[in-house]
Amino acid sequence: MKTVPKSAAALRKAAKEGSAKAQYALGLIYASGQGVEQDNAQAVSWYRLAAEQGLAEAQVVLGNKYAAGQGVKQDMREALSWYLRAAEQGDTKALLRLGHLFDDKPGSIAAAFYAKAAEGGSAEAQARLGRMLACGESVQQDFARAKSFLLQAAELGDAGAQFQLGLMYDSGQGVSRNAEEAEYWLRQAAEQGHAMAQLKVGRLCEHDQPASALSWIRRAAEQGIAEAQWLLGTKFADGEGVRQNFRDAMSWYRRAAEQDFAPAQFCLGLMSEEGRGIEADAMQAEYWYYKAAMQGNADAQFRLGQLHSQAQPAEAVEWLRRAAEQGHVEAQAMLGRQYAAGHGVAEDIHRALFWLVRAAEQNDAAALLRLGKLFEDSYEPLVAGLYVRAAEQGAGEAQGILGNKFAFGKGVKQDIEQALFWLQKAAAQGDGKSQLALGTLYANGQGVARDYGLAASWYSKAADQGLAAAQTVLGVMYAEGLGVAQDYRKAMALFRKSAEQGDAVAQYNAGLLYARGQGVKQDSQKALPWFAKAAEQNVPDAQIHLGLMHAKGETVPVNYVEAYKWFAIAAAGGNAAGKANVEHAETLMTPQQIAEGKRLARHWLKSGAKRSK
């Protein structure tokens, strides 16, 4: 066949004389508008002449025009016809195009076309066939053949094949796992601009080469890979490899979130809720949580469960269930607690145990702690084991409970050394009950040398957290000068704080200091209500003082009946002073007054009065 002339005029002459290559070249000129007015219709007419003469390149391009509807009405049947005619001549582009057309069709037709194109040296076909064989997509899975085709394509420079081959070596899928080979091929693809390979290379070198990792991840993110955008946002949010910048983090998260990448949507929700990089916005946070949750993001589902737990507990339970069913351990633990408490769902101890056990199997400290509490009175050895597992994870409450168990030998053999070990761990985390327990061990010299100074120090830490019992005991230490310099003012301040929380002993002590004028100006009128509160909680000494104030008419009118009532109540509890005062009061009262005093005492005792602890 003649050589195609270079000038359009010469081409037109040769084309009219029947040169298929000239006709094809003229079609290319009109299609591109190179030296002539661009005209797809003219291009198609020249392509057709060349194609009808059997020129495979023209047949392929004519098929493309029919497929795209350029210069001719779109017609996939006609496109297929021209591709098939070119394919019969072994044209790899036609075979590749046919493979693409049949990709989403059932059966192995696409694979057959790719195989023929691959035999013709098409790197793209080799890569596509390799991926199909590796995944068992429309063909029987065959890792050996997959590797062979991918390797051919990769060596020809196909980035997709290089990426796939790198993934196979990285995962050990169908080949022996080889980190060096994996990184080599992934880098080859990444350097050609393959975005997913760039992300993967970034992931691979995060720990050893953080700067390089950041560069690769950024390149993938800039190509629009949502996972890379999310990851880059996380690095800015955490200040990992870059200076922490919440605004940049929000920007990258948003780009990924707008592609419906659920992890990024969750992170946007979290930052909106916490006001990082943006003004805190609860509605915006819930919007992003919802978007992520509807895509099945368990973290977002769990957070929605937390947010709705008070106002909409039933809805909260539904979100928690979705997250729990995906294995979200915190959701499983919380759902178990919801069932145990009947909060947002009917109380169901069996369902509670089901979810708590699943969370505990993942070693969730909160679930282990809750299970321990549920079985507290039933299976002591099991309970101790649950608390140990939770405590070993650093759960302060579990450490405190465990410390108390070892201190008093409850469910375990008493072991003061172990008690101190766990109580100190919990106390160091700010667990007030453990601080109180340590104070008690040192104050009593239980298994340790008695040390009032150390006891006062631990009591003070617990008191600062508002524990009424610690405030009361520390108040006593200040009143008596145990481990601290005697200071009635400090004692009174502590008693008042504890008394206002309802601590009966503190109420009595506050009354006593007012009555004696210790740390405060003597004031019987202020003492009376504190004695009354403590007396109602069955503190015998408070009952005696209250009775005496009524008997003497101290700040109240003399009332032997009321006095007798409180003496009798104290006496009923075995208080010797109460018995003595009953006997003395009877010498001053009429039989009717005595009878009324006894009646009032019996009524109080039957009324289910609180008992001091």
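The values are calculated or read from the model by the stated rules, or taken from the named source; none is laboratory data. Computed from a prediction, not measured in an experiment: that's the story for all the values here. Here the Cβ is made from the backbone with ideal geometry for all residues, glycine too, and neighbour counts use every protein chain on show. Remember, those area values only see protein heavy atoms, side chains included, never the ligands or the DNA or RNA. Shrake-Rupley method; radii C 1.70, N 1.55, O 1.52, S 1.80 Å.
Observations
- Ranking GLN518, PRO591, VAL484 by Cα position along the charge dipole of segment 483-607, where only Lys, Arg, Asp and Glu carry charges on their C-beta atoms, puts VAL484 farthest toward the positive end.
- Label-point separation, GLN89 to SER251 (7 Å along Cα→Cβ), nm: 5.3
- Formal net charge of residues neighbouring ALA41 (Cβ-Cβ distance under 14 Å; K, R +1; D, E -1): +1
- FRET efficiency, 1/(1 + (r/R0)^6) with R0 30 Å, evaluated for LYS73 and CYS135 via beta carbons: 0.25
- Relative contact order of the chain, pairs being alpha-carbon contacts under 8 Å that are 6 or more residues apart, as %: 3
- Spatial separation of Cα centroids for segment 364-414 and segment 39-101, in angstrom: 76
- Rounded tilt (10° steps) of 123-135 against the dominant C-alpha axis of the chain: 40
- Accessible area per residue for the chain, computed on protein heavy atoms with a 1.4 Å probe, is 49 Å².
- Subtracting the Cα-Cα distance of LEU151 and HIS100 from their residue separation scaled by 0.36 nm leaves 16.3 nm.
- Placing a pseudo-label 7 Å from each Cα along the Cα-to-Cβ vector at ARG177 and VAL36 gives an inter-label distance of 6.1 nm.
- Using alpha-carbon coordinates, inclination of helix 576-586 to the longest axis of the chain, degrees: 50
- Ranking ALA154, ALA428, ALA86 by Cα position along the charge dipole of the chain, where only Lys, Arg, Asp and Glu carry charges on their C-beta atoms, puts ALA428 farthest toward the positive end.
- Phi angles of segment 538-547 translate, via the Karplus equation with coefficients 6.51, -1.76, 1.60 and θ = phi - 60°, into HN-Hα couplings of 6, 8, x, 4, 5, 5, 5, 4, 5, x Hz per residue; Gly and Pro are given as x.
- Over segment 476-613, relative contact order from alpha-carbon pairs under 8 Å, at least 6 apart, %: 16
- Taking the C-alpha atoms only, the angle from helix 226-238 to the longest principal axis of the chain is near 40 degrees.
- Taking 0.36 nm per residue of separation and subtracting the current Cα-Cα distance, fully stretching the chain between GLN465 and ALA576 would add 36.2 nm.
- Distance violations [Cα-Cα > 31 Å] among LYS497/LYS552; LYS13/LYS116; LYS413/LYS579; LYS490/LYS598; LYS235/LYS291: LYS13/LYS116; LYS413/LYS579; LYS490/LYS598
- Each label was represented as a point 7 Å from its Cα along the Cα-to-Cβ direction; for ALA9 and GLU361 these points are 8.6 nm apart.
- In terms of packing, defined here as the mean over residues of other Cβ atoms within 10 angstrom, the peptides 497-508, 278-289 line up highest first as 497-508, 278-289.
- Positive-end extreme of charge dipole, the chain - chosen from GLY547, ALA398, ALA221 (charges on Cβ): GLY547
- On full extension, the segment bounded by GLU500 and ALA144 gains 120.3 nm, given 0.36 nm per residue less the C-alpha separation.
- For the chain, with all protein chains in place and a probe radius of 1.4 Å, 49% of the accessible heavy-atom surface sits on carbon or sulfur.
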